[in-house]
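Visitor: Below are the structure tokens for one structure; questions will follow.
The values are calculated or read from the model by the stated rules, or taken from the named source; none is laboratory data. Treat the numbers as computed from the prediction; the structure is a model and nothing was measured. Quick reminder, even Gly has a Cβ in these numbers, built from the backbone with ideal geometry, and neighbours come from all protein chains shown. Quick note on the areas: whole protein, heavy atoms, side chains included, nothing else; ligands and nucleic acids left out. Shrake-Rupley method; radii C 1.70, N 1.55, O 1.52, S 1.80 Å.
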Amino acid sequence: MIDKVLTVLKDQLNATDGLWDPNVPNEIDIAVVGDIAKHEDETSGLDNKVVITLLSVEEESTLKNRSRYEKVIVDNNPTRYDRESPPAYLNLYVMVAANRSMYARALLNISKVIEIFQKKNVLEYVDTDPNKNFRFRIELHSVPFEQLSYIWGLLGGKVMPSVLYKISVIKIVAKDVVPVELINEVNIQSIKVD
């Protein structure tokens, strides 16, 4: 699910109304999903690209308290309950960094990224199976300068034009459903009380 979200971001940035510049026709697929910490590795494929990197995942605590049992009614039969693992609702923190050879070009790319996601801040993943489609919201996430310095220190130290986004709320659901039998009778004949 997380990879699908990052792919939607990449596709949005690589669209014709995205980062593509008609004045530079040989530059297609400028945005890539990758680990920005590996930007100095020659084989990483991150040279002269806008790199989308997942920094952190956080559980949305306000949506955590759900029942593990779901009520199921089938025709006129008695109600049944299925035990499900409650879904995990996640917020993703993503960095979009412009690893460009020219600083002016990197600044233009970051400006365009901000413009694109300000204009379209609700995005949708579309699957061939309509039941797997989902929407998510992306919003600019500001961090203090000290924290930004710490983040870049963890990522290799080379600071480049970048922007941080918070993506809310991604729902991840476990696939297993366990039917729970109804209790029809209780046998209490052999209880001994001291």
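Visitor: Answer yes if at least one residue in the range 83-102 is among the basic types (Lys, Arg), modelled with pLDDT under 90 and open to solvent by 90 Å² or more (accessible area, probe 1.4 Å), and no otherwise.
Guide: To start, the set of residues in the range 83-102 that are among the basic types (Lys, Arg) comprises 83, 100.
So of that shortlist, the ones also modelled with pLDDT under 90 come out as 83, 100.
From what's left, open to solvent by 90 Å² or more (accessible area, probe 1.4 Å): 83.
Checked the range 83-102: at least one residue is among the basic types (Lys, Arg), modelled with pLDDT under 90 and open to solvent by 90 Å² or more (accessible area, probe 1.4 Å).
Visitor: Taking the conditions exactly as written (open to solvent by less than 70 Å² (accessible area, probe 1.4 Å), among the basic types (Lys, Arg) and modelled with pLDDT of 85 or more), does residue 119 satisfy them or not? Before the answer, list the steps.
Guide: Values: open to solvent by less than 70 Å² (accessible area, probe 1.4 Å): no; among the basic types (Lys, Arg): yes; modelled with pLDDT of 85 or more: yes.
Spelling it out, it is not the case that residue 119 is open to solvent by less than 70 Å² (accessible area, probe 1.4 Å), among the basic types (Lys, Arg) and modelled with pLDDT of 85 or more.
Visitor: Within the range 62-82, does at least one residue satisfy the condition of being over 21 Å from residue 143 (Cα atoms), modelled with pLDDT under 90 and in a helix (DSSP H, G or I)?
Guide: yes
Visitor: Do the conditions hold for residue 138, that is, is it open to solvent by less than 80 Å² (accessible area, probe 1.4 Å), under 18 Å from residue 167 (Cβ atoms), outside any strand (DSSP E or B) and in contact (Cβ under 8 Å) with a residue 24 or more places away in the chain? Working first, answer last.
Guide: Details: open to solvent by less than 80 Å² (accessible area, probe 1.4 Å): yes; under 18 Å from residue 167 (Cβ atoms): yes; outside any strand (DSSP E or B): no; in contact (Cβ under 8 Å) with a residue 24 or more places away in the chain: yes.
The answer is no for residue 138.
Visitor: Based on this model, can you work out whether residue 109 counts as open to solvent by 20 Å² or more (accessible area, probe 1.4 Å) and modelled with pLDDT of 85 or more?
Guide: On the way: open to solvent by 20 Å² or more (accessible area, probe 1.4 Å): no; modelled with pLDDT of 85 or more: yes.
Criteria not met by residue 109.
Visitor: Ok, one more. Just the residues that are in a loop (DSSP other than H, G, I, E, B) and out of contact with any helix residue (DSSP H, G or I) (no Cβ under 7 Å at 6 or more places or on another chain), please, taken from the range 86-119.
Guide: Let us first name the residues in the range 86-119 that are in a loop (DSSP other than H, G, I, E, B), namely 86-87, 100-102.
86, 87, 101, 102 - these are the residues of the range 86-119 that are in a loop (DSSP other than H, G, I, E, B) and out of contact with any helix residue (DSSP H, G or I) (no Cβ under 7 Å at 6 or more places or on another chain).
Visitor: Which of the residues belonging to the range 1-59 are basic (Lys, Arg) and buried (at least 19 other Cβ atoms within 10 Å of the Cβ)? Don't jump to the end; show me each part of the working.
Guide: Applying the first criterion (basic (Lys, Arg)) to the range 1-59 yields 4, 10, 38, 49.
Selection gives 10, 49.
Visitor: Here's another thing I want to ask about it. Is the range 169-191 home to any residue that is at pLDDT 85 or above and open to solvent by 40 Å² or more (accessible area, probe 1.4 Å)? Full working, then the answer.
Guide: The first filter runs over the range 169-191 and keeps only residues at pLDDT 85 or above, leaving none.
Checked the range 169-191: no residue is at pLDDT 85 or above and open to solvent by 40 Å² or more (accessible area, probe 1.4 Å).
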